[in-house]
């Protein structure tokens with residue numbers, strides 16, 4: 001796949017993420033692994049206006065002049081530990097952030113059929129500084145069992161087999177969390 005096609009896919013996904021209000025301002029990031037390269041959104045870039053992508057090797061070395069997202073260490077670590085993961089979407093989706101604050105468990109089991117079938121469960125992590133080695137290590141410790149991470153007071157990390165699969169998972173997670181919040185509001 002050539003760079004222009006890759007960029008166009010990022011732009012489509014980025015616009016959807018932005019329009020669906022999964023990010024605030026220039027928050028969030030997207031990456032894609034193609035063979036031994038990682039394409040990742042750039043630091044400070046709004047996802048609804050992606051003009052270029054940083055390109056890294058699997059060691060995190062820059063292969064072009066663009067500065068990658070501050071979360072690049074997390075992405076590189078995930079791609080190295082599990083080569084079956086080809087796409088990562090990180091958002092600041094409000095419903096999952098709100099809903100996980102009230103949960104006592106560090107694992108959330110999805111209940112709506114589609115989310116339960118396609119996602120099954122999410123790992124809820126305490127707050128770690130975004131982009132930090134500590135956050136990367138905590139995610140890597142749990143990578144074998146989860147493809148969704150809810151990062152308290154930070155956001156969501158979705159792992160997929162491609163960008164559209166990761167976006168689909170994001171939508172399913174967010175839908176369930178919105179449903180739970182509305183349900184509790186209606187019942188109370």
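The values are calculated or read from the model by the stated rules, or taken from the named source; none is laboratory data. Please read these numbers as outputs of a predicted model, since none were measured by experiment. Methodologically, a virtual Cβ is constructed for each residue, glycine included, from the backbone with ideal geometry; neighbour enumeration extends over all protein chains shown.
Numbers at a glance
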{"quantity": "Criterion (within 17 Å of residue 30 (Cα to Cα) and crowded, with 19+ Cβ neighbours inside 10 Å) met by exactly one of 79, 66", "calculated": "79"}
{"quantity": "Sole exception among (1) at pLDDT 95 or above; (2) over 15 Å from the mean Cα position of the chain (by Cα); (3) surrounded by 13 or more Cβ atoms within 10 Å (Cβ to Cβ); (4) in a helix (DSSP H, G or I) for residue 5, by number", "calculated": "(3)"}
{"quantity": "Test: residue in segment 13-26 that is surrounded by 14 or more Cβ atoms within 10 Å (Cβ to Cβ) and part of a strand (DSSP E or B)", "calculated": "no"}
{"quantity": "Matching residues in segment 97-109 - criterion: being buried (at least 18 other Cβ atoms within 10 Å of the Cβ) and more than 11 Å from residue 148 (Cα to Cα)", "calculated": "97, 99, 100"}
{"quantity": "Some residue of segment 49-63 being surrounded by 14 or more Cβ atoms within 10 Å (Cβ to Cβ), at pLDDT 95 or above, more than 15 Å from residue 75 (Cβ to Cβ) and more than 14 Å from the chain's Cα centre (by Cα)", "calculated": "yes"}
{"quantity": "Sole exception among (1) under 24 Å from residue 151 (Cβ atoms); (2) surrounded by fewer than 22 Cβ atoms within 10 Å (Cβ to Cβ); (3) in contact with a strand residue (DSSP E or B) (Cβ under 8 Å, 6 or more places away or on another chain) for residue 74, by number", "calculated": "(2)"}
{"quantity": "Failed item, numbered, when residue 53 is tested on (1) more than 21 Å from residue 149 (Cβ to Cβ); (2) free of Cβ contacts under 8 Å to residues at least 40 places away in the same chain; (3) in contact with a strand residue (DSSP E or B) (Cβ under 6 Å, 6 or more places away or on another chain)", "calculated": "(2)"}
{"quantity": "Pairs where the first residue, in segment 1-14, is within 10 Å of residue 52 (Cα to Cα) and the second is part of a helix (DSSP H, G or I) and modelled with pLDDT under 95, C-beta under 6 Å, 6+ apart", "calculated": "none"}
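Residue by residue, here is whether (1) modelled with pLDDT under 95; (2) surrounded by 13 or more Cβ atoms within 10 Å (Cβ to Cβ); (3) more than 24 Å from residue 9 (Cβ to Cβ); (4) touching a helix residue (DSSP H, G or I) at 6+ places or on another chain (Cβ under 9 Å) holds:
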position	(1), (2), (3), (4)
90	no, yes, no, yes
111	yes, no, yes, yes
157	no, yes, no, yes
160	no, yes, no, yes
178	yes, yes, yes, yes
181	yes, yes, yes, yes
187	yes, no, yes, no
